[in-house]
Amino acid sequence: MIDLKAKIRNIPDFPVKGVQFKDITTLLRDKDAFKCSIDKIVENCCQYRIDYIAGIEARGFIIGAPVAYQLGVGFLPVRKAEKLPSEVERIAYQLEYGENILEIHKDAIGKGDRIMVVDDLLATGGTTAAVFRLVEKLGGEVVGASFIIELKSLNPREKLKGYNIFSIVQYD
């Protein structure tokens with residue numbers, strides 16, 4: 001068994017002083033750790049009927065695309081503002097200091113489509129909650145969300161009550 005936590009590098013004071021950034025690039029470059037991470041998320045997803053994986057820009061693309069491939073389902077990119085070429089649905093949400101916007105193509109999700117959201121890290125839950133709202137606004141059903149890392153000390157599951165949340169590595 002691979003110790004995935006040992007493959008994640010901690011970068012102190014990035015991007016700002018006081019933050020302990022969890023860098024997955026060290027995990028990604030280790031082919032066995034990367035494969036193990038994808039396999040664990042796929043294993044979790046197999047218990048649900050899923051039509052699409054929605055990956056959150058940018059590291060959610062790295063994790064979500066191979067998960068979608070393994071499951072044999074489509075992949076939906078959820079992007080930052082002004083990055084998608086066709087008509088979009090957008091949502092603004094609050095960050096600790098300011099606001100951000102996420103977008104998805106309006107025709108990406110049909111009524112009743114079942115979506116699993118995938119990203120590398122679950123921190124406060126704000127970004128994931130915004131993606132859930134986008135999916136539901138387009139008529140999709142959120143099956144849940146899967147992550148490599150969860151920062152439990154930030155209590156992200158509080159914002160995501162009522163949804164299936166899975167993470168491989170947790171930090172208190």
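Only the coordinates and a few stated rules stand behind these numbers; no lab work does. Remember, it's a predicted structure, so these values are computed and weren't measured experimentally. All Cβ positions, even for glycine, are placed from backbone atoms using ideal geometry, and neighbour counts span all protein chains on display.
Estimated purely from DSSP H runs of n ≥ 4, each contributing -39500 (n - 2.57), the mean residue ellipticity at 222 nm for the chain is -8000 deg cm²/dmol once divided by its residues. Just so you know, the Rg over Rh for the chain is 0.95, from Cα atoms, with Rh as the Kirkwood radius. Here the residues THR25, THR124, ranked from fewest to most Cβ neighbours within 10 Å of their Cβ, fall in the order THR25, THR124.
With both residues required to sit in region 49-171, DSSP beta bridges show an antiparallel share near 30%.
Footprinting exposure proxy ranking of ILE50, ILE148, fewest other C-beta atoms within 10 angstrom first, gives ILE50, ILE148. Would you mind classifying region 93-172 by shape? Square roots of the alpha carbon gyration tensor eigenvalues, ordered a ≥ b ≥ c; an a/c under 1.5 is rounded, otherwise it is prolate if a/b is larger than b/c and oblate if not. It is oblate, given that a/c is not under 1.5 and a/b is not larger than b/c. Using a Gaussian network model of the chain in which every pair of alpha carbons under 10 angstrom is joined by a spring, one finds that among VAL131, VAL16, VAL143 the greatest mean-square fluctuation is at VAL16. Taking amide hydrogens as placed 1.01 Å from N in the peptide plane, the amide H of ASP113 sits under 5 Å from those of GLU141, each at least 5 positions away in sequence or on another chain.
A straight chain from LYS161 to ILE11 at 0.36 nm per residue would run longer than the Cα-Cα distance by 51.0 nm.
Considering only GLY140, GLY112, GLY126, the mean-square fluctuation computed in a Gaussian network model of the chain, springs between alpha carbons under 10 angstrom, is largest for GLY112. Extent along the principal axes, Cα only, for region 1-71: 42, 28, 18 Å, with the longest axis given first. Between VAL118, VAL42, VAL135, the Gaussian network model of the chain with springs among Cα atoms under 10 angstrom shows the greatest mean-square fluctuation at VAL42. Its relative contact order, with pairs defined as Cα atoms under 8 Å and 6+ residues apart, puts the chain at 18 percent.
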